[in-house]
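Below is one structure, written out as structure tokens; comments come after it.
The values are calculated or read from the model by the stated rules, or taken from the named source; none is laboratory data. Given the structure is predicted, the values throughout are model-derived calculations rather than measurements. Cβ atoms come from the backbone with ideal geometry, glycine included; neighbour counts cover every protein chain shown.
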Amino acid sequence: MTMPVPAIRPASTSTSPTLAVRRRRLPALTFAFALALTGCGGGSADGTDAERASAGSVDDAFGSVDIRKAERVVALSVSDADAALSVGVVPVAMTEAPVEPVMPWAEETIDELGGDDPELFHWSTEDTIPFEDIAAWEPDLILATGTIIGKDTHDQLSEIAPTLGTAKENTPDSWQSQAERVSTVLDAKDQGDKAIDTAQTAIDDAAKDHPDLTDRSFLVALFHSPDEVGVLTDRDSATVQFFSELGLTLDPVADKMADGSVPDSLSLEKLDVLQSDILVGYFPDPELRKKYDGVPTFSSLPAVEGGHFYQPTDEEWRGLRSVSALALPEIVGPIAEKLDTAAVGS
């Protein structure tokens with residue numbers, strides 16, 4: 001079970017004017033007309049169906065997608081966009097990131113690659129996916145490897161264009177698997193392998209530079225309301241894998257939360273179960289941190305009292321929740337430094 005993560009979005013739905021990537025809306029098209037434009041399954045720029053088939057395919061939980069040099073990619077998650085960007089493909093449209101619509105590493109890569117700025121869109125549940133807009137962008141490939149969608153949604157997206165979902169149903173790809181699968185389907189596996197190697201080297205170097213992290217237990221908590229705290233329990237999540245690769249160990253209470261023997265959504269009275277060596281806690285609202293400092297069950301936690309509490313910035317949290325080969329070289333060093341400080345404590 002994963003902790004509930006409410007959408008963390010800017011106060012305004014408009015994109016900051018300082019960002020190179022701007023939100024633009026295409027003229028509204030009906031879903032049926034847009035399908036007529038794209039064709040059932042979407043065209044690819046790399047030649048005939050026979051040529052694509054000869055190049056191979058990439059399997060997902062619901063089928064397979066032919067390898068193609070796609071030119072009009074729609075990314076259904078932040079990490080999907082990162083995976084495409086890491087091999088030189090700028091999406092025609094991509095999900096906007098919470099906190100800030102486009103993360104710095106993505107913005108920088110888009111600027112370097114040039115071309116048109118991607119359209120930005122937001123969705124929170126499967127029934128809010130903007131199918132008509134996606135069809136209007138005339139994609140030749142849709143990426144959904146970094147988010148969980150059901151078969152019905154996958155089928156509906158596949159009517160617009162070939163859609164690469166997760167390798168396993170109900171499980172987002174790890175950052176390594178995502179980078180490998182996305183680069184393969186985009187016929188850019190060599191570039192994908194290079195991006196993976198660069199990211200893995202950054203993690204390995206950070207772990208080597210911070211031996212105090214080895215075998216320290218950790219928990220990740222989201223302080224999203226004044227009276228309830230969510231805890232990340234999924235060992236397969238990219239966030240847990242990130243911390244684990246730095247040498248940390250997920251606290252055993254997370255497994256009890258995952259199997260239901262301990263709630264993974266904690267009331268203030270139950271915060272004392274957070275007994276890990278290091279506690280990673282994110283506050284989407286800074287005022288909530290002030291409130292929790294006055295809550296005895298929080299302020300008396302060993303990690304809080306002993307200075308073993310790491311509070312990610314908005315940007316760090318977004319990177320942790322959407323780990324990608326593109327983001328890792330940018331975020332792993334600063335985060336490892338702060339985790340090291342938390343490991344040593346006050």
Of the residues in the stretch 57-114, those that are under 20 Å from residue 154 (Cα atoms) and of a type in the set (Lys, Arg) number 2
Of the candidates 254, 303, 336, the one satisfying the condition of being of a type in the set (Gly, Ala, Ser), in a helix (DSSP H, G or I), modelled with pLDDT of 95 or more and more than 24 Å from the chain's Cα centre (by Cα) is 303
Notebook entry, point to check: Quick check: is even one residue across the stretch 212-219 touching a residue at least 24 places away in the same chain (Cβ under 8 Å), among the hydrophobic types (A, V, I, L, M, F, W, C) and within 30 Å of residue 132 (Cβ to Cβ)?
Noted result: no
Got at least one residue in the stretch 275-288 being closer than 27 Å to residue 110 by Cβ and of a type outside the set (Lys, Arg)? yes
Result of the Cβ filter at 6 Å on the stretch 152-173, keeping first residues that are more than 18 Å from residue 322 (Cβ to Cβ) and partners that are charged (D, E, K, R) and not in a helix (DSSP H, G or I), at least 6 apart or interchain, is 161/140
Inset, instruction - With the condition kept exactly as written, say whether any residue in the stretch 263-271 is surrounded by 21 or more Cβ atoms within 10 Å (Cβ to Cβ), hydrophobic (A, V, I, L, M, F, W, C) and part of a strand (DSSP E or B). - result: yes
Exercise for review: Assess whether residue 324 counts as being over 24 Å from the mean Cα position of the chain (by Cα) and outside any helix (DSSP H, G or I).
Suggested key: no
Pairs returned, first residue in the stretch 106-118 that is of a type in the set (Ser, Thr, Tyr), second residue that is surrounded by 18 or more Cβ atoms within 10 Å (Cβ to Cβ), beta-carbon separation under 6 angstrom, 6 or more apart or interchain, are 109/85
One residue is enough: does the stretch 284-294 have a residue meeting the conditions closer than 26 Å to residue 147 by Cβ and of a type in the set (Asp, Glu)? yes
